[in-house]
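S.K.: Structure provided below as structure tokens; questions to follow.
The values are calculated or read from the model by the stated rules, or taken from the named source; none is laboratory data. Here the structure is a predicted model, which means the values were calculated and not measured. Backbone-built Cβ (ideal geometry, glycine too); neighbour counts: all protein chains shown. When the accessible area is computed, the model is the full protein with side chains, heavy atoms only, and any ligands, DNA or RNA have been set aside. Shrake-Rupley method; radii C 1.70, N 1.55, O 1.52, S 1.80 Å.
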Amino acid sequence: MLFNSFEFAIFLIAVFILYWSIFNRNFRLQNFFLVIVSYIFYGWWDWRFLGLLFFSSCLDYFVAIEIDKSESRTRKRFFLALSVTINLIILGFFKYFNFFVDSFSAMLEMAGFQANFYTLRVILPVGVSFYTFQSMSYYIDVYRGKLKPVSDAISFFAYVSFFPQLVAGPIERAVHMLPQFLTRRRFDYGQAVDGLRLVIWGLFKKMVVADNCAVFVNNVFSSHNTASGYELILGAVFFAFQIYGDFSGYSDIARGTAKLIGFELMVNFKTPYLSRTIPEFWQRWHISLSTWFRDYVYIPLGGSKLGKGKTVRNTIIVFLVSGLWHGANWTFVAWGALNAAYMIPFIFLRGDQQTKQFGGMLDLIKIAFTFGLTCFAWIFFRSDSITQAGEYISNMVTGNYHLAALTKVKSYVLFVIGVLMVVDVMTWKSSVDILIKEYHSRTIGYVFDFFLIGLIILFGSFNQQTFIYFQF
Amino acid sequence: MKHFVAHALLYILTTVLMAWGLSWFAGPYMDAYYLKVTTPRQKSLVVGSSKAAQGIIPEIINKTFEEQKISIGLYNYAFTVKSSSFGEPYLQSILRKIDKSIAGNADRLYILAVDPWSISTISLKETQGKTLYLDWNFPPNNIRYNTLNPNPEYVFKNVDNRFMMIIRKFRPLTYSKVRSDGSLEVLLKRDTTATKKDVAGRLEEYRQNARLYTFSEERYKYLGITIDSLSTYGHVFLVRIPVHPDMRALEDNFMKDFAGKMDTICRDHQAVFLDYPVDATKFVSTDGNHLDRKSAELFSGILARQLVEHLKKK
């Protein structure tokens, strides 16, 4: 069920009431209840993949115990390799089987051979990329000695299947999350109010900003060969806000929902479009995934410790893999490659590029430039094919620029993007729940919340568009 | 905990009140569909695309029947070719609009406006033995409740800019109006040159459609199912509304056996097909596809008299 659906609202209310009233005696009972409702939540999407979630959880639970029990390094490595291999095979099969078959087939045809491979109609289980990475980080950290394996199976299953972040993250780390599952959660009024506020803010970003931008974006991308230059540019810009509103909105709803039941999830987005450089952007965008790749791919490859050449290589590998993680399409690989290209100059620049304080006009120019680069890369992310992306960009360069085309942009969409950016500027160093707390005024909290609810009622899309990242 | 529950209840209540309050600003001045989903269930219906929405005026047909001491209570429940071509979504919506509490079917009738587009498709997809209709995404198919007044479901699912809806209450649309019988009247007055341009534009649009659309077995099947479903409540008539001669030629070229298909389906499902000839001297089209108001009134009068004759024979 979608976060912005009536069914989820009823589900959440029921979970909240039962969790705090009946299943609140101890953490084991709380976790048991969370496993049940999380499996119901996941089964609502597609009950056929409950088995996969269960299998993945069992595998990682037992592997972590075996890794910890093993005395020899070889045995530890064996179990690590076993679980990594199985998890990646599962992920690879569901996500990439048809992609690789089609690509291999196309390659053979280019070389003059006729290929007729059997393509399975593989359905991608919702959230498989997210929960696979989350549980992988668990046993890898056990292997590295960062934490001890959990003996309580129910707590572990609750951690893997935790419904607020099961289908689209944030990809949590066991070091941060598991201790929360191993303690009894106690109701906290302030935390619950913050949670409700985050849910409202997330719904605003998704239903008002993202879904309204999507209407314009879909029109432009489906008619990119006839759209004017201004429309094409705005199409890329609006997509930037669509994906930001969609994904960060989901993350905020996930964080808010988790707070309502006593959990703290990591912040996944920190005003990324106010980044002054590309490296800063990647410290602010989809933080859970970029830190996952940093800790489990980039650093094991050597990170930046083996000289500039290897740093460039490692950066390229991480971004290509990250691109491919997003989906089985060369457009995502191209998007990853482009971001790698953006990062490379910074590898050779000296000094710490990340100044903390905002530095006036120069920083504004940097923000605009970085945003422009990001929007350009999003064209590949949004396009159905490399060909479409190429045509889109080519038409941007050669297309007609009629000011009349700008009348297709609805003024209220610009207004809500403006609201989003104003709040982002105000929360540059924190987040919405912290910002409101700083005023120490309940009235301001009510005004902020009802203002957002008003905007959702006036401009929100109630046609239940799915979240973009559900397809990953 | 109690404090938070009170806090949450305040939010929920305020949200519901705001949403309900907003719905009171909705009205027929908003768009061409809202009024149709706020009226009660109806005794008899006109169904079909915008050709029927503009071309069949229930008020005139009802008056003709009343002169014969028959009260049919006809209402226009036609929308657009995108949403109200024959298929499962539209049929379900139609069935929710019929007053099933009325006994007997002698003085009830259902006018199904047909043309080649209503049994063709550009968007149906077959997957794993199931037909996927994009029609579900458009009104009236995407709402469950089509007799509520106000209708919050329609407002929140189909009105993008609800702030503008508030504005419209004080500055209504001036280019069209939905009458109390559900028929749509276009208020724009166009001169001959502008009309010729509109006709040329519309013909070109439909020439493109003729390249993209294909006959749909699924829609044709659902035309039959629609006839059967409505026959349990009253008499069913398939009507081909007159259009501009060039548009009719385009349609006939697109689906050469259309009349044959209608005759077959009427024979198989016990309905009557009334195919009105194109008569450019009698009927004036605003844009090649839709009759202007005067022509719609004339046509509705002719149709009404024919329907009375048919019903007398039954």
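S.K.: Out of the residues in the stretch A:437-453 that are touching a helix residue (DSSP H, G or I) at 6+ places or on another chain (Cβ under 7 Å) and open to solvent by 10 Å² or more (accessible area, probe 1.4 Å), state the one that is modelled with the lowest pLDDT.
M.R.: Looking at the filtered set, the residue picked out is A:ILE444.
S.K.: For the condition under 30 Å from A:PHE16 (Cβ atoms), open to solvent by 10 Å² or more (accessible area, probe 1.4 Å) and out of contact with any helix residue (DSSP H, G or I) (no Cβ under 6 Å at 6 or more places or on another chain), what is the one hit in B:LEU95, B:LEU9?
M.R.: The conditions single out B:LEU9.
S.K.: Within the stretch A:64-84, identify whether any single residue is open to solvent by 70 Å² or more (accessible area, probe 1.4 Å), at pLDDT 85 or above and not in a helix (DSSP H, G or I), and answer yes or no. So that I can check it myself, show each step before the final result.
M.R.: Here is the first cut: in the stretch A:64-84, the ones open to solvent by 70 Å² or more (accessible area, probe 1.4 Å) are A:69, A:71, A:73-75, A:77-78.
Retained after the next criterion (residues that are at pLDDT 85 or above): A:69, A:71, A:73-75, A:77-78.
Filter once more, so that each one left must be not in a helix (DSSP H, G or I): A:71.
Checked the stretch A:64-84: at least one residue is open to solvent by 70 Å² or more (accessible area, probe 1.4 Å), at pLDDT 85 or above and not in a helix (DSSP H, G or I).
Quick grid of which residues meet (1) part of a helix (DSSP H, G or I); (2) open to solvent by less than 10 Å² (accessible area, probe 1.4 Å):
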| site | (1), (2) |
| --- | --- |
| B:HIS3 | yes, no |
| B:ALA19 | yes, no |
| B:ALA26 | no, no |
| B:ALA32 | no, no |
| B:LEU35 | yes, no |
| B:LEU45 | no, yes |
| B:ALA53 | yes, yes |
| B:ASN62 | yes, no |
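S.K.: Hey, does the stretch B:168-179 have a residue that's crowded, with 16+ Cβ neighbours inside 10 Å, over 23 Å from B:ILE56 (Cα atoms) and within 14 Å of chain A (Cβ to nearest Cβ)?
M.R.: Yes, because at least one residue in the stretch B:168-179 is crowded, with 16+ Cβ neighbours inside 10 Å, over 23 Å from B:ILE56 (Cα atoms) and within 14 Å of chain A (Cβ to nearest Cβ).
S.K.: Out of curiosity, is A:ASN463 at pLDDT below 95 and assigned to a helix (DSSP H, G or I)?
M.R.: No: the conditions fail for A:ASN463.
S.K.: Name the residue, out of A:THR271, A:THR226, that is β-branched (Val, Ile, Thr), surrounded by fewer than 22 Cβ atoms within 10 Å (Cβ to Cβ) and in contact with an Asp or Glu (Cβ under 6 Å, 6 or more places away or on another chain).
M.R.: A:THR271
S.K.: Which members of the stretch A:151-184 meet the condition of being outside any helix (DSSP H, G or I) and open to solvent by 10 Å² or more (accessible area, probe 1.4 Å)? It would help to see each step written out before you state the result.
M.R.: Narrowing the stretch A:151-184 to residues outside any helix (DSSP H, G or I): A:151-152, A:162, A:166-173, A:182-184.
Within the stretch A:151-184, A:SER151, A:ASP152, A:ARG173, A:LEU182, A:THR183, A:ARG184 meet the criteria.
S.K.: Would you pick out the residues in the stretch A:424-447 that are of a type outside the set (Gly, Ala, Ser) and either within 12 Å of chain B (Cβ to nearest Cβ) or without any contact (Cβ under 8 Å) to a residue 24 or more places away in the chain (or both)?
M.R.: Those that are of a type outside the set (Gly, Ala, Ser) and either within 12 Å of chain B (Cβ to nearest Cβ) or without any contact (Cβ under 8 Å) to a residue 24 or more places away in the chain (or both): A:MET426, A:LYS429, A:ILE434, A:LEU435, A:GLU438, A:TYR439, A:HIS440, A:ARG442, A:THR443, A:ILE444, A:TYR446, A:VAL447.
S.K.: From the list B:MET262, B:MET255, which residue is modelled with pLDDT of 90 or more and over 21 Å from the mean Cα position of the chain (by Cα)?
M.R.: Testing whether each residue is modelled with pLDDT of 90 or more and over 21 Å from the mean Cα position of the chain (by Cα) leaves just B:MET255.
S.K.: Looking only at the stretch A:161-216, how many residues end up being away from chain B (no Cβ under 13 Å) and among the charged types (D, E, K, R)?
M.R.: 5
Yes or no, residue by residue, for (1) under 30 Å from A:VAL416 (Cα atoms); (2) open to solvent by 40 Å² or more (accessible area, probe 1.4 Å); (3) within 14 Å of chain A (Cβ to nearest Cβ):
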{"residue": "B:LEU112", "(1), (2), (3)": "no, no, no"}
{"residue": "B:TRP117", "(1), (2), (3)": "no, no, no"}
{"residue": "B:TRP136", "(1), (2), (3)": "yes, yes, yes"}
{"residue": "B:ASN142", "(1), (2), (3)": "yes, no, yes"}
{"residue": "B:PRO152", "(1), (2), (3)": "yes, no, yes"}
{"residue": "B:ASN158", "(1), (2), (3)": "yes, no, yes"}
{"residue": "B:MET164", "(1), (2), (3)": "yes, yes, yes"}
